[in-house]
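What follows is calculated from the coordinates using simple rules that are stated; it is not laboratory data. None of these values were measured; they are calculated from a predicted model. Note that we place each Cβ from the backbone using ideal geometry, even for glycine, and neighbour counts take in every protein chain shown.
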Amino acid sequence: MYYPTPIAKLIESYMKLPGIGAKTATRLAFFTLDMAEEDVTEFAKSLISVKRDLHYCDVCGNITEEALCEICQDKTRDQREVLVVEEPKDVMAMEKVREYKGLYHVLHGVLSPMDGTGPDDINIASLIRRLQASEIEEVIIATNATTEGEATAMYLSRLIKPAGIKVTRLAHGLSVGSDIEYADEMTLFKAVEGRREM
Ligand SMILES: [Zn+2]
């Protein structure tokens, strides 16, 4: 099938998104063609801005427009607790649970020998440095309830506990294999409340 180059390129771009095949990409490309010009411009600007204006927080690895994220800057938050998650989107999910007032650390992945992801490939070294230099008393591990998430939790626990820091794991209100980002507020609240020591 022949498409004019701009459409063909847009289809190619849409196909790079997760879960979008050729058919959907083609539909989206033609939909874009019919959109109002200002909406398309706004969309294009957002795409560029998300890459250009956002980066990872120097301390916790969360996404931010500044050197430090809002959470790390907020001195009213409990500086003694740090909740460890896999991805920045998990921070957003946990923030829905307003009862959690501590800090975060984003690993940007999990340990996965199958995929060749080892401790040096995720944000672990910075967590350890942070623990050495701060008043953190408890590390709450909130990796997902998957095989890799559990293995990562176990690894971190073995690494951190000898330093005399309490290590806890979210309670399994979260079903096995489930992702934190999809859990509802109440489930997350109960998971934090019922966290157990590792
Ligand atoms: Zn931060």
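In terms of packing, defined here as the mean over residues of other Cβ atoms within 10 angstrom, the peptides 96-107, 184-195 line up highest first as 96-107, 184-195.
T41 to E197: extension gain in nm, 0.36 nm per residue of separation minus the Cα-Cα distance? The T41-E197 span can extend by a further 51.1 nm.
Stokes-Einstein, applied to the Kirkwood radius of region 62-198 over Cα pairs at a viscosity of 1.567 mPa s and 4 °C, places its translational diffusion at 86 µm² s⁻¹. For region 1-80, trypsin sites (Lys or Arg not before Pro) meeting the loop criterion (DSSP other than H, G, I, E, B) and having at most 12 other Cβ atoms within 10 Å: K16, K75. Averaging the sequence gap over all C-alpha pairs within less than 8 Å and six or more residues apart, then dividing by the number of residues, gives the chain a relative contact order of 16 percent.
The angle between the Cα long axis of helix 147-160 and the longest principal axis of the Cα atoms of the chain comes to about 40 degrees, rounded to the nearest 10. Using the average count of surrounding beta-carbon atoms within 10 Å as a protection proxy, the listed peptides 82-94, 31-43 rank, highest first, as 82-94, 31-43. Rounded to the nearest 10 degrees, what's the angle between the helix 22-34 long axis and the longest principal axis of the chain, both from Cα atoms, 0 to 90? So the helix axis and the longest Cα principal axis differ by about 70 degrees.
Among the listed pairs K75/K166; K51/K190; K51/K75; K23/K89; K23/K96, give every one whose C-alpha distance is greater than 26 Å. Result: K51/K190; K51/K75; K23/K89; K23/K96 exceed 26 Å.
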